1. Filter the stretch 299-318 for residues that are in contact with a Gly (Cβ under 9 Å, 6 or more places away or on another chain) and not in a strand (DSSP E or B) and give the result.
2. Give me the pairs: first residue in the stretch 197-209 and in contact (Cβ under 8 Å) with a residue 40 or more places away in the chain and closer than 15 Å to H229 by Cα, second residue part of a strand (DSSP E or B) and open to solvent by less than 90 Å² (accessible area, probe 1.4 Å), beta-carbon distance under 8 Å, and six or more apart or on different chains, which are they?
3. Y263: out of contact with any Pro (no Cβ under 6 Å at 6 or more places or on another chain), in a loop (DSSP other than H, G, I, E, B), open to solvent by 80 Å² or more (accessible area, probe 1.4 Å) and in contact (Cβ under 8 Å) with a residue 24 or more places away in the chain, yes or no?
4. Quick check, is S61 within 22 Å of G107 (Cβ to Cβ) and of a type in the set (S, T, Y)?
5. Specify the residue that is nearest to L324 (Cα to Cα); the eligible residues are those in the stretch 22-34 that are modelled with pLDDT of 95 or more and loosely packed, with under 11 Cβ neighbours inside 10 Å.
6. Could you tell me whether A245 is in contact with a helix residue (DSSP H, G or I) (Cβ under 9 Å, 6 or more places away or on another chain), in a loop (DSSP other than H, G, I, E, B), surrounded by 15 or more Cβ atoms within 10 Å (Cβ to Cβ) and among the aliphatic types (A, V, I, L, M)?
7. Could you tell me how many of the residues in the stretch 293-305 are within 18 Å of the chain's Cα centre (by Cα) and charged (D, E, K, R)?
Amino acid sequence: MTLSLHRMVQSRAWTLIKHFEGAPKLSDFKLKQVQLPKLKNGEVLVEAEYFSVDPYMRAYSKTKMKEGDVMIGTQVGRVLESSNSAFPVGSYVVSDAGWTTHSISQGKDITPLLPNWPDHIPKSLALGTIGMPGLTAYFGLKEICFAKKGEVVLVNGAAGAVGSLVGQIAKIIGCKVVGSAGSEDKVQYLKDIGFDEAFNYKTVGSLEEALKKASPEGYDCLFENVGGHFADVALLQMKKYGRIAVCGAIALYNDTTPRKGEYVHLPLIFQELRMEGFVVQRWQHRYNEGLEKLMQWVVEGKLKYHEHITKGFDNMPSAFIGMLKGDNIGKAIITSK
């Protein structure tokens, strides 16, 4: 059933009323009602079904948003009305509309789900394993780490949306994989999905000793999601000509003053390391290649997924805050109802 093209639609949206100072708080957000206009030619009305919360939202909120803006973010939604033949009514799309229940698009900021999406694969995976996090893991490992069979790959933040996929893809390539996470449940999850070694960085007596025990010979690749002290210690464990893909720095996002730490120069020079930061949009022209490969691995059972699901659009801010604290195993997803 579709809505009438002449009916005005009420959308609900979470806005950022105050830029974050340190860790985000519930009081930084406000829920508002927005009346959407009638569709114009070429436009599409999308109703969200699944929402994503990701660490990048914290990092980009200051530079990409003004106070009062709808929170940035990605969602999977169903097309309710359409005057754009590329997006028929009833089809599903990935949208960059942010934290809003309904949105109107001209078609530029929405993308159809992969064609022939299997019925048994949740569409919410388009926000995780078969979406931006999966692409980040795929291209970061392939194009920045250049991970090869027989090499040792270290992943921190390994039980998160990206890190859990990095480890599994590295295993598909034929690597030995070591993961670090922040709870015993997460460590067990990493072992369940095939990590060769996993440890709780919060409870080890020495991070250096834990890394040496997990891989005495050192590490060829570091997939860096955390930053801070972990990065300082891990750099000293890299093998000659090792590669470091700098994907995130979740340990630093809530800092109110710049952190002072070790200098990277000596390990980079003496071990002749390559360290490169990246954002996944660099490979936008190759997204279909990555998504099709990720889907293939999921269907074949080679890539396992885990979703941390929060029910209800009203709980978006608390889910976001919890994700930044590390409450989730795998991908944090919010359902619309």
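The values are calculated or read from the model by the stated rules, or taken from the named source; none is laboratory data. Computed from a predicted structure; not experimentally measured. Virtual Cβ from ideal backbone geometry, glycine too; neighbours counted across all protein chains shown. All accessible areas refer to the heavy atoms of the entire protein, side chains included, with ligands and DNA or RNA removed. Shrake-Rupley method; radii C 1.70, N 1.55, O 1.52, S 1.80 Å.
1. L303, K304, Y305, H306, M316, listed by residue number.
2. Every condition considered, the pairs that remain are Y201/S180; Y201/A181.
3. no
4. Answer is no for this residue.
5. Going through the qualifying residues, I end up with L26.
6. No.
7. Of the residues in that region, 2 qualify.
Here is a yes/no grid of residues against (1) out of contact with any Pro (no Cβ under 9 Å at 6 or more places or on another chain); (2) not aliphatic (A, V, I, L, M):
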{"site": "Q33", "(1), (2)": "yes, yes"}
{"site": "L36", "(1), (2)": "yes, no"}
{"site": "L39", "(1), (2)": "yes, no"}
{"site": "E47", "(1), (2)": "yes, yes"}
{"site": "F51", "(1), (2)": "yes, yes"}
{"site": "V76", "(1), (2)": "yes, no"}
{"site": "V79", "(1), (2)": "no, no"}
{"site": "A97", "(1), (2)": "yes, no"}
